[in-house]
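Visitor: Structure incoming, see below.
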Amino acid sequence: MKVRQPLKQRIVIAFALMTLLISGAFSIGIVAAVHLMEEHLVSDDMHAELQAAMDALGTGRPLALDKDKRLFTDAGRGFTPPPEFAHASEGFSEVVQGDEAHYVFKLERDGFDYILVQDQHDFEAREQLLYNVVLGCFLVSVLIAWLLGSLLAKQVLQPVALLAEEVRSGVRGTEQLAKNYADDEVGRLAEAFDNTFEQLRRSLEREKLFTGDVSHELRTPLMVIGSSCELLAHSSGLEAKQREQLDRIHRASAGMLELVETLLLLARERGTMEESGRGLTLADAAAEQSEIWGEQFAARGIDYHCTVESEDERRYHPTFLRTVLSNLLRNALHYTEDGSVRLVLVDGGFRVEDTGPGIAPEQQSQLFQPFQRGAQARGEGLGLGLSLVKRICEHQGWSVNMLPAQPRGCIFRVDLTSP
């Protein structure tokens, strides 16, 4: 699983890590170099001082040793070395006893051992001071790198953040984004956004023009078909079978006219019909659709009924509400072989429940995509009904969701009030 971090944070972390590695390497190198140099200098100093002391002992001159140094030798009384120093190797070495540590330099002359011992306390204090200074400088450098990285990342990413905000808020009119940026990577990104927005704008405009033109041209013939059906229905001499076919034609033309009206409205900007007082209540819309679809459910032996769980007195866009109800009921009719279909009205929405085969889990993610039909569908639909429902709900600020029903079937729930 990838961890999603802001680009600014990643730049700051990279900047700090780079400083951490470089400063750490330099700090370790400084400490190691100082330690080796100090050991080398101490060794040379003790070697020279031990030789001077050996010469002084041979001539009888007094010894001139620092207070932190002691001389031991088995060449004379009073200078016998302790066992821990007597067993030291020849040359420079260190001897540690508990909390005490000593530098030891041992030479041999005329068959006698001469040992110079120096307490490390002063050297350890200087080393500790050096370590503290190096550690402090290391921590300060990392902190400065973090602050400097934050400042530089903010400056570097400011054009990117500005471009992201402009893209998020949308391009107003025909204003170009690229003209506000330099001819660099950000400028070329803004130019790519301009080209994409322009292509998207043209595609949407073509879709609106096509939908509007086709829908407008279909309205007249559909109205002619509907009015002709009404005239024929009032004429005498029609047999029962002929009247049944005439009713089917009338219902189909009315449904097509309503669909054309829906497409025309979707091609326009969102209207304010709900606020104008000409909206339709959920109960009235459900009564209309129940009258239209009740006969078709009965003809197929499906038990259909509409129930009201809670009243809703709000008014909604009539065309959109009718289309959503109609498509969901049609979908239930196509997928229900037997059993029942229920339209349940609640305050602020409704549910369409059926006892069909349900929808396979692998198909649920594409349920509201165009041209998607279930394996158990009947009729000659193209799989656009649920896609149209989804578009209408997004257009109106409504929401539609599919829930599994028990023991079989599915439930479509539509919320008509904004959360």
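Visitor: What FRET efficiency comes out for the pair E191/A14, r = Cβ-Cβ distance, R0 = 22 Å, nearest 0.05?
Guide: On the way: r = 28 Å, r/R0 = 1.26.
It comes out at approximately 0.20.
Visitor: Also, quick follow-up: Given the peptides 245-256, 193-204, arrange them by the average over their residues of other C-beta atoms within 10 Å, most packed first.
Guide: Most protected by this proxy first, the peptides run 245-256, 193-204.
Visitor: Here is a follow-up. R0 = 25 Å: FRET efficiency of E288 with D247, Cβ-based, nearest 0.05?
Guide: Efficiency at R0 = 25 Å is approximately 0.95.
Visitor: If each of D183 and E39 carries a label point 7 Å out from its Cα toward its Cβ, how far apart are those two points in nm?
Guide: The modelled label-to-label distance comes out at 6.1 nm.
Visitor: Continuing with the same structure: Return the tail of the calculated pair distribution for the stretch 72-116, meaning the percent of Cα-Cα pairs more than 15 Å apart.
Guide: Counting pairs separated by more than 15 Å, the tail of P(r) holds 39 percent.
Visitor: If I model the stretch 29-149 as equal point scatterers sitting on the Cα atoms and use the Debye formula, what is log10 I(q)/I(0) at q = 0.18, 0.22 Å⁻¹?
Guide: With no solvent term, the Cα-only Debye profile gives -0.95, -1.27.
Visitor: Between R300 and S150, take the C-beta separation as r, use R0 = 60 Å, and let me know the FRET efficiency to the nearest 0.05.
Guide: 0.30
Visitor: Between Q97 and E337, what is the spin-label point distance in nm, taking each point 7 Å from the Cα along the Cα→C-beta axis?
Guide: Taking the simple label geometry, Q97 and E337 are separated by 10.0 nm.
Visitor: Hey, what do the phi angles of the stretch 242-247 turn into as Karplus ³J(HN,Hα) couplings, whole Hz, using 6.51/-1.76/1.60 and θ = phi - 60°, x for Gly and Pro?
Guide: So the J values, rounded to whole Hz, are 5, 5, 5, 5, 5, 5.
Visitor: If I model the stretch 276-352 as equal point scatterers sitting on the Cα atoms and use the Debye formula, what is log10 I(q)/I(0) at q = 0.12 Å⁻¹?
Guide: -0.32
Each value in this text was obtained by applying a stated rule to the coordinates, not by laboratory testing. Predicted, not measured: the structure shown is a model, and the values here were computed from it. Cβ: placed from backbone, ideal geometry, glycine included. Neighbour counts: every protein chain shown.
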